[in-house]
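J.: This is the structure I want to talk about, given as structure tokens.
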Number of protein chains: 2
Amino acid sequence: MEKTLKNLKSILAANNYKLTSQRKLILDILLNNEGEHLSAEEVYNIVKKEDPGIGLATVYRTLELFCELGITQQLNFDDNCRRYELDTGEDHHHHLVCSKCGKVTEFNDKILEEFEKDLQIKHKFKVTDHRIKFYGYCEECQ
Amino acid sequence: MEKTLKNLKSILAANNYKLTSQRKLILDILLNNEGEHLSAEEVYNIVKKEDPGIGLATVYRTLELFCELGITQQLNFDDNCRRYELDTGEDHHHHLVCSKCGKVTEFNDKILEEFEKDLQIKHKFKVTDHRIKFYGYCEECQ
DNA sequence: TTTGGTGCAAAACCTTTGCATTCCT
DNA sequence: AGGAATGCAAAGGTTTTGCACCAAA
């Protein structure tokens, strides 16, 4: 299911959560910033422009809820905060992290899908997901 | 170069750092706990047994220094703290993170080495390293 | 001797929590 | 109306920092 504003209501309702203006706004921001990997603080700074009264705790609680509902995914780029992106469910993308400027870019692939089956057998580990980060230097920093 | 206690002195000297008893002890602990992924707090608790007067800040500073010198690597398993392991430089291993019990196991591979060359061309990204985490369920938790 | 390292305590961060109030349904 | 969500401020946990003292080179 797509994670649009229209679906938010039914996703929430299906899980006995309420549709609030704050939740709508935050999803809206995530939709308008696809490709970014926003931290709670960054979402807060953006959402404050629309709703100056919103609290940072609400942003944290909302992002946590969105992860629980599969709307977002948590990321970690070793920069001392948790980052979030929409979980589209379709494209399996990974991240290229520049060691110099810190820029994070994405690329799509399915390279590891058959490798996962191997792990199941060799290591008796039932894989549900994987995350790859490549470290190196982006075009500008090389 | 191997990361043994004997080499520590020359690695440090080559970078104008001093060989202190605290640094020796901490490297010793990392060597005795290969396969573990210790946090600063955990290293602190172990090292305190040998040197009760050591400070937590020293452990943090030492682990940071070791990373800078390529002696250790920082890991992040999304459990709210940074973890460290010796950087042997040879075996390229990755982690299997159990979503239920949190256990982290390792496996070796070289699967992505040729894939890195691809990235260089397609995304103009010069890869220096990569990190893969597989999420799923370990043998006991399936 | 000189420079860097340590321990301590305080500060800095990011994130979570308690509680009274407000808002959905 | 009733329960869930919010905002605020306080608390929690991890990591960093300032500074006086100490130790390695």
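J.: For the range A:99-113, give me each residue that is within 11 Å of another protein chain (Cβ to nearest Cβ) and free of Cβ contacts under 8 Å to residues at least 24 places away in the same chain.
T.: A:PHE107, A:ASN108, A:ASP109, A:ILE111, A:LEU112
J.: While we're here: Mind counting the residues in the range A:1-23 that are within 9 Å of DNA strand C (Cβ to nearest atom) and either within 21 Å of A:GLN74 (Cβ to Cβ) or not assigned by TED's automatic domain parsing to the domain that holds A:LEU63 (or both)? I'd like the intermediate steps shown before the answer.
T.: The first filter runs over the range A:1-23 and keeps only residues within 9 Å of DNA strand C (Cβ to nearest atom), leaving A:9, A:12-13, A:17-22.
Now drop any that are not either within 21 Å of A:GLN74 (Cβ to Cβ) or not assigned by TED's automatic domain parsing to the domain that holds A:LEU63 (or both), which leaves A:12, A:17, A:22.
Adding up the residues that qualify gives 3.
J.: For the range A:6-38, give me the residue count where each residue is within 14 Å of the chain's Cα centre (by Cα), among the charged types (D, E, K, R) and within 14 Å of DNA strand D (Cβ to nearest atom).
T.: Step one: list which residues in the range A:6-38 are within 14 Å of the chain's Cα centre (by Cα), which gives A:26-38.
Remaining after also requiring among the charged types (D, E, K, R): A:28, A:34, A:36.
Filter once more, so that each one left must be within 14 Å of DNA strand D (Cβ to nearest atom): A:28.
Residues flagged as within 14 Å of the chain's Cα centre (by Cα), among the charged types (D, E, K, R) and within 14 Å of DNA strand D (Cβ to nearest atom) within the range A:6-38 amount to 1.
J.: Next question, about the same structure. If A:TYR84 satisfies every condition in (1) aromatic (Phe, Trp, Tyr); (2) crowded, with 18+ Cβ neighbours inside 10 Å; (3) in a helix (DSSP H, G or I) but one, which is the exception?
T.: The failed condition is (3).
J.: Okay, next question. Within the set of pairs 6+ apart or on separate chains, which have a first residue in the range B:51-65 that is part of a loop (DSSP other than H, G, I, E, B), a second that is within 7 Å of DNA strand C (Cβ to nearest atom), and C-beta atoms under 7 Å apart?
T.: Close Cβ pairs (under 7 Å, with a partner that is within 7 Å of DNA strand C (Cβ to nearest atom)) amount to B:ASP51/B:GLN22; B:ILE54/B:GLN22.
J.: Could you say which residue among A:THR62, A:THR72 is within 11 Å of DNA strand D (Cβ to nearest atom) and within 16 Å of A:TYR17 (Cβ to Cβ)?
T.: Details: A:THR72 fails: within 11 Å of DNA strand D (Cβ to nearest atom).
Checking each option against the conditions leaves just A:THR62.
J.: In the range B:102-111, which residue that is of a type outside the set (Phe, Trp, Tyr) and at pLDDT 75 or above is farthest from A:PHE125 (Cα to Cα)?
T.: Restricting to residues being of a type outside the set (Phe, Trp, Tyr) and at pLDDT 75 or above, the top hit is B:ASN108.
The values are calculated or read from the model by the stated rules, or taken from the named source; none is laboratory data. Nothing here was measured: the structure is a model prediction, and the numbers come from that model. Here Cβ is always computed from backbone atoms with ideal geometry, including for glycine, and neighbour counts include all displayed protein chains.
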